[in-house]
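In what follows, a structure is listed as structure tokens, so that the remarks can point back to it.
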Amino acid sequence: MKTFSPLFLLGALGVLSAAASDAVAVDTSQWKCESCPFEKAGSGATLELGAGAVSADSAKFGDSTGLQKKGGFLIAGGAARHRSEEGLFGNMVASDLGLDTRSIAAEVGQEGLYTLRLGYAEIPRHQSNGAMTPFLDAGSAVLSLPPGDATFRSADLSTQRKRLDAGVSWTGMENWTHRVEARHEVRDGTQRSAGAFATTAAQLVAPVDQVTDQIEVSTAYATRHWHATLAYQASLFRNGQESLTWPFVALTNNPDVPTLRGQLALAPSNQFHQVMATAGSQISPTVQASAELAIGRMTQDAAYLEPTLNSALVVTRPAPSLDGRVATLNASLRLSVAATDRLRLLLSAIRDERDNQTSSLDYPSVTTDLGVLGPPRSNQPYSFTQDRLKLSADYRGPGSLKTSVGAEQDKRERTLQEVQTTRETTTWGRISAMPVDSVSLALRFAHANRDASDYHSVVSIVAPQNPLLRKFNMAERKRNSGGLRADITPAENVNLGVGVDLASDHFTGSQIGLTESRSRSVGADVSVAISEQTQVHAFAHAERSRSNQAGSEPFAAPDWTGRSEDVSKVAGIGIKHVALKGKLEVRADLVGSRSRSELNVNAALPSAPFPNATTSLDSFKLAATYRWNDSLSVLADYGFERFDSRDWHLDGVAPSSVPNLFGFGEASPRYSVNVVRIALRHRF
């Protein structure tokens, strides 16, 4: 049997376009007004029904798509609308009703008076790629082991998120509007975890049984010259499973050896409450001002688990729960001044605070449920404040010349961390112009310099840090970045864009840690209207980033260096063609990407290099819509996707390959999947 490649299909569509360009007239019957301010009165509905098939099982391909299983699936969806002459309206949209990604949204209301909204959606996540586990009852809060030798069985690592949204908004007295939004979200399934006894560790399947409720209530007042909003937000998180218990993975048939069990705490229930206020004013025709203020509070008071399940250990907790309390503040002030017809000045001041009011207590150091070793350790209630001051100017010069310049000061104060204060000053500029009618150029550049106060190791961190270490997010740094973009229109039906971006970071005071990073990228895109019936677009992008770091094996001066390099390339081409006097529309897209991650270490004692990690993705999609008549259309599409990855962290590592680890034994994701769909769309 002879097959045709995706490139052949794209070429065939191009030939079809050339043959039909002179014979097919433009069909404007389906054109819609995209700028009409009001919908016309009337009713209508669309129903979409069909079937599809997936050629292979793949957790990676099905992640967030609902197409993880081989076999057929139902295509069901649609939309409906109604609007009366009196302004009553109703809309509903449903999609993917036959998949785990199903969603439905509806709203009804009276134009200018009120709107009621209701929505439901599901989002699947599939994270397992052949995971194995020796434990029974995976997904429950208590794991167990069968008697005898370890037998590994398949472990599913996936979650399903179900979200229900409801809301209402209405107009009150003159210039007043009110809104209430609520969301109820349930997330269940399984996820990764890990635990250890002495020198033996195991990857564990942890249960997920979480509920998050969110609500926002707001009222707003607006006139021609100023506006204000007051709102309250709340987020309540509840975990139906507070812990995960598992047995020590040291299988024995000796009944005199007791079974040790470990226990891990899962995400604790918590709450967040916040009050927000915003205001803005048109002070004069040339001056605008706005301000925002948000005051929040986070709390977490879930009861502690027992420090150990080992009855031979007597351990006393300093408190029954954390009683965690964090106060937050976010405030901003913005001012915009049109100094002249060509010059506009922008000024903003932003302050963010996180005040951790949780008590710091000493906790006993229970080591893998086998003993209390070392001195007590205390929790560290980190706090910070961040102040940002921004000033910029936009100038519209003669002709097409536009320039923008600005400066920003970012100051951060931290507690209980290695660096108390950092100050970063950034200056930047942008300039754009059209030297000729068919060419538009845009240039941007920025320079940032971050200074830090003295670096001190935090004594409460175990094990101790090398005093020469500098964490990259708090270390002194010089950053430069820039980019150039050109958009060219060589012909009326051709648009071409080319861009390049460069960036570099130098950590000037870091002897150990990240010392330097660089990145560069280049991209191009082109679109061509071959005829009124056929349009073609293509793009390509490549990026390379490198980083260097230094370390010390003897906990002293640096004696080894490492360099990582990541390279990614992606390119694609697509075509859209209308034929048969506008009844048939065909679309085809071909995309390919490649990436490589390389890690090299230079040490006093040479060692074998790390293998490269690579990924490749090829995707082809072909879709056609045939309009049988004004109310009935036939939709068909075919998709092919091939993904291949190589990761030395996973490949070749069986569940028991590491002597002191019972792992999942996963392999890097690889799949080759075909998807076919065909459906009917009927308009009422």
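The values are calculated or read from the model by the stated rules, or taken from the named source; none is laboratory data. This one's a predicted model, so the numbers in the text were calculated from it and none came from an experiment. For neighbour counting, all protein chains shown are included, and Cβ atoms are generated from backbone atoms with ideal geometry for every residue, glycine included. Remember, those area values only see protein heavy atoms, side chains included, never the ligands or the DNA or RNA. Shrake-Rupley method; radii C 1.70, N 1.55, O 1.52, S 1.80 Å.
Taking 0.692 mPa s as the viscosity and 37 °C as the temperature, the Stokes-Einstein diffusion coefficient of the chain based on its alpha-carbon Kirkwood radius rounds to 105 µm²/s. Using alpha carbon centroids, what distance separates segment 182-200 and segment 607-667, in Å? Cα centres, segment 182-200 to segment 607-667: 24 Å.
For segment 539-568, the residues whose backbone nitrogen is under 14 Å from a point 7 Å from the Cα of Gln511, taken along Cα to Cβ, are 550-560.
Temperature 20 °C, viscosity 1.002 mPa s: under these conditions the Stokes-Einstein estimate for segment 561-665, based on its Kirkwood radius over C-alpha pairs, is 117 µm² per second.
Express the accessible area of segment 107-187 per residue in Å², computed with a 1.4 Å probe while the remaining protein chains stay in the model.
That works out to 54 Å² for each residue.
Could you give the angle, 0 to 90 degrees to the nearest 10, between helix 6-20's Cα long axis and the longest principal axis of the Cα atoms of the chain? The angle comes out at about 10 degrees. Using 1/(1 + (r/R0)^6) with R0 = 22 angstrom and r between the beta carbons of Leu118 and Ala79, what's the FRET efficiency to the nearest 0.05? Once the sixth-power term is evaluated, E becomes 0.90.
Probe radius 1.4 Å, ligands and nucleic acids ignored: give me the carbon and sulfur share of the accessible area of the chain as a rounded percent.
Working: 22930 of 38890 Å².
Here it works out to 59 percent.
Using a 1.4 Å probe and ignoring any ligands, DNA or RNA, find the accessible area of Glu408 and quote it in Å² to the nearest 10. Surface open to solvent at Glu408 totals about 50 Å².
Length gained on full extension, Ser453 to Tyr382, computed as 0.36 nm times the residue gap minus the Cα-Cα distance: 23.8 nm. Looking at segment 362-454, the accessible area is 58 square angstrom per residue; that uses a 1.4 Å probe and ignores ligands, DNA and RNA. Of all lysines in the structure, the ones whose alpha carbon falls short of 29 Å from that of Lys402, not counting any fewer than 8 places away in one chain, are Lys390, Lys478. Note on Val591 and Val676: with the Förster distance fixed at 22 Å, the Cβ-Cβ geometry gives a FRET efficiency of about 0.70. Take the alpha carbon atoms of segment 471-488, find their center, do the same for segment 525-593, and report the distance between the two centers in whole angstrom. Cα centroid of segment 471-488 versus Cα centroid of segment 525-593: 20 Å apart. A 1.4 Å probe run over the protein chains yields, for segment 538-585, 55 Å² of accessible area per residue, whole-number rounding. Mean residue ellipticity at 222 nm, helices only, the chain: -1000 deg cm²/dmol; runs of at least 4 DSSP H residues each add -39,500 (n - 2.57), and the sum is divided by the number of residues. For segment 228-364, the convex hull spanned by the alpha carbon atoms encloses 167 Å³ per residue.
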